[in-house]
Amino acid sequence: MKTLLWLRKSVEKLVGSSKGFSSVVGTVFMVLVVMLLSTGVFLWTLSQNTLYNQAVMQKNQTELDRLNEKVTASNVNYTVAGNLVSVQVALQNQGPLSAQIVSLWVIDATLNKYNFSSPLNINMKPGNTTTLTGANAIKVKIIGALWSDQLSSWFVTARGNVVPPQSVGGLTVAQVSAGIGSVSMDFSSFFYYNVSITAPWALSPWLNGGNGYNINSKGGDVAFKVRLTNFDYPQKRDITLSSHSIFWALFPSGGTQQRGAPWFIVNVNNSGIIANTFKNVTLPYGAPTDIFFASANDMSAGFTGGQKFPSMGGVIPGAALVTIALIGQIGTPPGTPPYGQNLPFAAIYVNS
Amino acid sequence: MDSRKMRRLLHGRRAVSAVISNVILMGAVIAVSFVVLVWARNQSSAYNNQYGNAVSADISSLQERLTFEYVFHNRTGVYVYLMNSGTVNNVTVKTVYIENATWTVIPTKSNLKHFNGTNIADQDLDTTEQGYFVLSSLTLKAGTSYSVLIITGRGSSFENTFVA
């Protein structure tokens, strides 16, 4: 009872007294202010930490993607023509993610020179294979590069991975006529020329010539130019063509007998003049080389008089099969075994 | 009874000063409280901004990634070819170190250039952008392995080794 009374009196005093009332109000305000501010700061810090954690997760995902990216480069072949190094390669995306190839670097370790091709923008879906051969091969300019130089290369992807070649391949079937030998013919560089009536035996129109698949001889003599590349791998030996090498066209005739016309290999100088004598022609490894066929006879003894160039006059205008028989040797002395290859896959049409 | 009490309260002059003083004190307390509230909010806003900027900078730094496409050394210097393979733009090359097992040098660095040799106008690499710079004033021993360490403007570091 006494306690109750005492409590009642204390409360009445407290409520009734105006002393310290402002302090109470101020304290309440302060508490509210502190709570408000601390809540704001706490929530903001939480949101920033969440953002940071998300960024870390994204970074981890990016690194994981980079590790999972798997692009392989196989069957790499280098050919050198002029100062251009041509890189033929088969790229395969073996990973689960799409890949973008950004650049190709080529190093010539012999010359201590390098160059690159960028941007490439080769995009590959998972499992895709991209074959860069022929006209699609990537060309990189390295001044002074030779077919015999030590060449190496690598690709760089957009994720920052470096793709070195897995294997330096030898022949690729697409590069060689049905894979039947070491020499490949460039079917886009097959031309014919009209031969002048009198000596010096000049080819016209020089230098470009006419399309070798469609001939307008106008009754005159013609010569042919083919571009051959030696892909002897892995030995990378030179091939030397002798005077017996022949470009042979077989014309079906209206009668029972078919007509064949041979064009033997000749030397042609930079002005388009056929030499009167013959020196063996070398096909260096990896270097596209122009070979001319013009003579009606084997040039081992040069032009020996009589008919110098195959006559087109007796040939019925029409289609003809062409086969190129390459005869010579492979390798450099001493020890140069004989070499022979037939390139049968060409055809021509004679208009006149 | 109650209305009489009320009239007495309203018309009585006793303890008027106490009421007025209380009102004044409360008003002062509330006013000061508001001032304190505004000041404290400003302070916490400033803190939030700073914290937000620091986190944002850390996030950008995380997103940076430089790929060394090729590092080549000859008599004219060390050529460093780079690509920004990260997910953030404006990656700048702040400092470059060349080091081996025993020493570290900061060589002279050329401007950042495109692969075709022209200067990169903003001197930074955006995503998938490629560029290179040349380090000169170096004497390196042929056949020795060195490291090139790049510190970006955001503080990330990337390192690659090469043989001189």
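The values are calculated or read from the model by the stated rules, or taken from the named source; none is laboratory data. It should be emphasised that the depicted structure is a prediction, and the values quoted were computed from it without experimental measurement. Glycine gets a Cβ as well: all are built from the backbone with ideal geometry, and neighbour counts include every protein chain shown. Side chains are part of the model used for accessible areas, which takes the heavy atoms of the whole protein and leaves out ligands, DNA and RNA. Shrake-Rupley method; radii C 1.70, N 1.55, O 1.52, S 1.80 Å.
Structure summary
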{"quantity": "Residues of region B:118-164 that turn out to be of a type outside the set (A, V, I, L, M, F, W, C) and without any contact (Cβ under 8 Å) to a residue 12 or more places away in the chain, as a count", "calculated": "4"}
{"quantity": "Odd one out for B:T87, checked against (1) facing chain A (nearest Cβ under 7 Å); (2) in a helix (DSSP H, G or I); (3) open to solvent by 60 Å² or more (accessible area, probe 1.4 Å)", "calculated": "(2)"}
{"quantity": "Qualifying residue in region B:115-123 (condition: in contact with a strand residue (DSSP E or B) (Cβ under 6 Å, 6 or more places away or on another chain), open to solvent by less than 50 Å² (accessible area, probe 1.4 Å), facing another protein chain (nearest Cβ under 10 Å) and of a type outside the set (V, I, T))", "calculated": "yes"}
{"quantity": "Unmet requirement for A:D298, which otherwise passes all of (1) at pLDDT 85 or above; (2) among the charged types (D, E, K, R); (3) out of contact with any His (no Cβ under 8 Å at 6 or more places or on another chain)", "calculated": "(3)"}
{"quantity": "Subset of region B:108-151 [farther than 13 Å from B:Y97 by Cβ and outside any loop (DSSP other than H, G, I, E, B)]", "calculated": "B:K113, B:N119, B:L125, B:Q130, B:G131, B:Y132, B:F133, B:V134, B:S136, B:S145"}
{"quantity": "Residue in region A:119-139 that is more than 14 Å from every other protein chain (Cβ to nearest Cβ), assigned to a loop (DSSP other than H, G, I, E, B), surrounded by 16 or more Cβ atoms within 10 Å (Cβ to Cβ) and not aliphatic (A, V, I, L, M) present", "calculated": "yes"}
{"quantity": "Some residue of region B:62-77 being surrounded by fewer than 17 Cβ atoms within 10 Å (Cβ to Cβ), closer than 30 Å to A:V163 by Cβ and not basic (K, R)", "calculated": "yes"}
{"quantity": "Meets criteria (open to solvent by less than 60 Å² (accessible area, probe 1.4 Å) and in a helix (DSSP H, G or I)) for B:I20", "calculated": "no"}
{"quantity": "Enumeration of residues in region A:35-59 that are more than 7 Å from chain B (Cβ to nearest Cβ) and either over 15 Å from B:L62 (Cβ atoms) or of a type in the set (F, W, Y) (or both)", "calculated": "A:M35, A:L36, A:S38, A:T39, A:F42, A:L43, A:L46, A:S47"}
{"quantity": "Flag for B:S33 being within 9 Å of chain A (Cβ to nearest Cβ) and among the hydroxyl-bearing types (S, T, Y)", "calculated": "yes"}
{"quantity": "The listed residue being closer than 30 Å to B:L62 by Cβ and within 14 Å of chain B (Cβ to nearest Cβ), out of A:S98, A:S103", "calculated": "A:S103"}
{"quantity": "Condition check for A:I143: closer than 22 Å to B:Y70 by Cβ, within 14 Å of chain B (Cβ to nearest Cβ) and either at pLDDT 90 or above or crowded, with 16+ Cβ neighbours inside 10 Å (or both)", "calculated": "no"}
{"quantity": "Test result for A:L67, open to solvent by less than 70 Å² (accessible area, probe 1.4 Å), free of Cβ contacts under 8 Å to residues at least 40 places away in the same chain and within 14 Å of another protein chain (Cβ to nearest Cβ)", "calculated": "no"}
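Condition check ((1) at positive phi; (2) facing another protein chain (nearest Cβ under 8 Å); (3) touching a residue at least 60 places away in the same chain (Cβ under 8 Å); (4) not polar (S, T, N, Q)) across all residues:
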| site | (1), (2), (3), (4) |
| --- | --- |
| B:V29 | no, yes, no, yes |
| B:L37 | no, yes, no, yes |
| B:A40 | no, yes, no, yes |
| B:Q43 | no, no, no, no |
| B:N49 | no, no, no, no |
| B:G52 | no, yes, no, yes |
| B:T67 | no, yes, no, no |
| B:H73 | no, no, yes, yes |
| B:Y79 | no, no, no, yes |
